[in-house]
Structures are given as structure tokens and as C-alpha cells.
Number of protein chains: 2
Amino acid sequence: MSLDNIKVLGFDVFGTVVDWRTGIARESEAFFKRNAIEVDPYVFADTWRSLYQPAMEPCRRGTRQFTRLDTLHREMLITALTSHGINQSKISKLEIDELAFAWRKLDPWPDAVDGLLRLKKKYVLVPISNGNIALILEMAKRTGIPWDAILGSEVTQAYKPEPLAYLGTADILGIEPNELCLVAAHNYDLLAAQQCGLGTAFVYRKTEHGENQKIDLAPEGDWDLVADSFLDLAEILGC
Amino acid sequence: MSLDNIKVLGFDVFGTVVDWRTGIARESEAFFKRNAIEVDPYVFADTWRSLYQPAMEPCRRGTRQFTRLDTLHREMLITALTSHGINQSKISKLEIDELAFAWRKLDPWPDAVDGLLRLKKKYVLVPISNGNIALILEMAKRTGIPWDAILGSEVTQAYKPEPLAYLGTADILGIEPNELCLVAAHNYDLLAAQQCGLGTAFVYRKTEHGENQKIDLAPEGDWDLVADSFLDLAEILGC
């Protein structure tokens, strides 16, 4: 489809805008040092993230009321610590709470903020993320990510790739699905958005999962646009 | 209460951030000219706005599902046109739709954007408005109002002065009510926020209702702070 209609760019955040693996490993490493725990922080980051999709499933299936990602992240953290054999009895609740908020402290990929600032002149920029509002807001305030509004799962009360996560966003914005383009580094996300009638832009993030990344190394669908970075995306869109 | 705890400033928008009367009169006047209608646009603006509180009442009482302000504004417009004896049979639906969106085209008071830019360096800035997301977003994008996130009635699904409009905003932000301060030119709004435990800042807007304004000419409660403008507010808060 043509991207001439596009008014709003909606961004996946974890992996597309920010480098979650490096940030989670950094925050986990500091936590492990403080508590004299010996675990590879990158392995731990991968464990924690591996619980992400399963944690949202009950909400998607309707067997659990919609629950904010901050809350799910904390539950996943307990599971991850336990699965790494880490005794939590001597760790304060406050320390666990703080580590659970590590997802609020992730840094953008080096091109992200500069690219978004260019794109913002021509488009409305919003996250279409599974992250809750407070999480995405704190991340943006820390790093200068220039959202026009913070939308996403907490506003639509639906976790991607549920259709409502995409269609509800267009509805709230008062625009047609084909006036909204999802920007994401993940093929499954773009496929769901395309099936809802949104525009689709794939951005390469070849080290999201580290040097040996095996998924999302290339576009796997007929996406409307493929970009090497957010600066490249801005260039392609004439910003 | 002390404002030392405050992390987030939540702003009333219509009347506090933007001058709705001048903007609505301007948009209405252009519409009247195009359709050869003779009505004082300021009188019309006052009529339209007078329907605002009654229009939200069924949603507050629960006899009507929460309905976005854009939709209520359009219904109020039809009532206002009818009450001014304006025959709508020869006016296109598109023209009515466009005038209904006049509320998206309001200009900030002269001090507002500069004040917000200063306040933004120290605080998170969000609207706590009855305006829906798309309305507040389009207004901000047109005029440079630098929100960190767009909250308000559509996110909490509650119209001010319902307690949920204030407490739901704090909950979404993950903060305590006393870490959130309402900034408003309206005593009724500040009273409701104070009863929910929020901080309160009154800003004078003595011509919101025109030269002969009769209400909200002065603070009528024990508000935590009183400011002449957003620049004064920034000064008082050390921004």
C-alpha cells in the first residue's frame, strides 16, 4: 500500500526504539553485584525476556483481567530469579521493586532519538507498545524520546498482536487504519498490523538479541517500507 | 500541603491552557460567513460552551456510556445551532463536522507554551482535561504545547469532577495523589482535586468568559499555590 496517506507513525518500543537486552543486563548486573550473586547478566536478561509473551497470554485469552506490564515484569522477575536458583529471602522488597523497573531505564538505539526528532516534524509519533503509560513515560523523560502522545496497550486495554491493540489506537486517534503506520523490528508485529489494514515499516535491529541473533534478521513479509535505522526511515519518508 | 513532593503537574486545558472563547468565536464566525448566517460569534461560543457540563452529566451519572468529548461537542453544536434558529438543512455534514472540531484549533494563552517549556524541565506535564486524546493531541501539535503524555478523561473513562478523573490519573502514573498537582483556573476543579488529595495550583484567567467574567476571578479555596500566569507558576516552582 502507499504510505502517502500516513498521518501517524506508531512505534513498537522494546527492541525497535530501545535496546532492552543491554539495559536489562546492565541493571541486573548492578543488582547482582550488590547482592553478591553470580549470574551472567545477559543470560539473565534473556531469561527474563523469554517470559514476556507467556506473561501476556492470559490477558490476551481473557482468563486474566488486563494487567499492566510493570506488574507482569515484576512477576516475571520473581520467576526468572527463581529459575536461576537465586535465593530471594535476603533481598529487600525495595530492591526487587527497583529491578522490576529496569524496563523504564532502557536506552534508545543510537539513531532513535535523532530519527524521531526528524520524523516528528511531519508526523504524529506515538508508541504502539505493550509497555504501560508510566513505563514508557519515564523512559521517554530520561532519554528525550519525543512522543506526541503515549498510547499503547494500557490505553487500548489489549496486548499486541491482538487486533484491538492496532485498531483501537487508530480509533482513539480518530483516523483510519491506513492512516497509521506501525514501525517495528519484528515481523510478527508487522503481520498483525498489516492484517488490520495499517501501513508497515520494518527497521533492522540485528543485535536486539545479541551477536548470535536468529530471528527478525530480515523482513519476512510484504512490508510497505524497510529501513536500516530511524535516520534511514526519516530519509525515506522525506523528513 | 507542601508542594515539595510534586512529580507531575496535571493541567486543566479549556480555559486554563487555551482561550476557548476567542478560538470558538473565530471558527464560528468563519462558518457563519461561509453560510450567510448572522449570529454574534461570541454569543454563539457562550451558548455552545453552556451545554458542556450538561452534556457530560449522563456519562458521570452512568446513564450513558463514556462518550468522547469530540462526539459530545458535535451534539452540543447541533443544539446550539438549533437554539439560535439556524436552519441546518442547507449546510453540509462536512461543514458541521469541521466546526465541531473547532475545539481542536484553540490557541494557548500567550504565556502558556513558554511557561510549560520551563516547567517541563523539572516536572512531568500532562493534561487532566475532559478533552479526548485526539482533540488534545491535535491542539498540542498545532501550537507546540509540550505534553509528556496525554492523559485525561478518555484514559480514565471519567469526566471531571468525578474522583476517578484525578485518582485514576495518579494511578496510571504510578504515583500517590499528593505527588500530582492540578493546575487550573477553575475553583470547582481544584476543590474536587483537593478532596482527592492532589496538590492544587490556581492560575488567574480573568477573561476566559470575556470582559464581563463573573466567576473564577479569584481563588475561593485554600489552594497550595496561586499564580498570575504559567510564567509566574514556573517562577514560583523554581523552574
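The values are calculated or read from the model by the stated rules, or taken from the named source; none is laboratory data. The structure presented is a predicted model; accordingly, all values stated were derived computationally and were not measured. All Cβ positions, glycine included, derive from the backbone under ideal geometry; neighbour counts span all protein chains shown.
Before we move on, is A:Leu164 within 23 Å of A:Arg68 (Cβ to Cβ), modelled with pLDDT of 95 or more and not in a helix (DSSP H, G or I)?
In short, no.
Which of the numbered conditions does B:Gly115 fail, given that it passes all the others? Conditions: (1) more than 13 Å from the chain's Cα centre (by Cα); (2) more than 14 Å from every other protein chain (Cβ to nearest Cβ); (3) free of Cβ contacts under 8 Å to residues at least 12 places away in the same chain.
(3) is the only condition that B:Gly115 fails.
Does B:Asp189 fit the bill of being touching a Lys or Arg at 6+ places or on another chain (Cβ under 8 Å), more than 25 Å from A:Trp147 (Cβ to Cβ) and buried (at least 20 other Cβ atoms within 10 Å of the Cβ)?
It is true that B:Asp189 is touching a Lys or Arg at 6+ places or on another chain (Cβ under 8 Å), more than 25 Å from A:Trp147 (Cβ to Cβ) and buried (at least 20 other Cβ atoms within 10 Å of the Cβ).
If we keep just the residues of the stretch B:180-200 that are in contact with a Gly (Cβ under 8 Å, 6 or more places away or on another chain) and not aliphatic (A, V, I, L, M), which is nearest to B:Gly152 (Cα to Cα)?
The residue in question is B:Cys181.
I need a count of the residues in the stretch B:43-73 that are crowded, with 17+ Cβ neighbours inside 10 Å, basic (Lys, Arg) and without any contact (Cβ under 8 Å) to a residue 60 or more places away in the chain.
1
Only one of A:Glu138, A:Glu162 is within 9 Å of chain B (Cβ to nearest Cβ) and over 13 Å from A:Leu182 (Cα atoms); which?
A:Glu138
Just checking, how many residues over the stretch B:168-192 are within 21 Å of A:Ile136 (Cβ to Cβ) and in contact (Cβ under 8 Å) with a residue 12 or more places away in the chain?
9
Please specify each residue of the stretch A:160-175 satisfying the condition of being surrounded by 23 or more Cβ atoms within 10 Å (Cβ to Cβ), under 23 Å from A:Pro54 (Cβ atoms) and not hydrophobic (A, V, I, L, M, F, W, C).
Result: A:Lys160, A:Tyr166.
Taking the stated definitions as given, is A:Ala170 under 16 Å from the mean Cα position of the chain (by Cα) and assigned by TED's automatic domain parsing to the domain that holds A:Gln195?
Answer is no for this residue.
Residue check, B:Gly210 against (1) of a type in the set (Gly, Ala, Ser); (2) crowded, with 22+ Cβ neighbours inside 10 Å; (3) within 18 Å of the chain's Cα centre (by Cα), all met but one. Which one?
The single condition B:Gly210 does not satisfy is (2).
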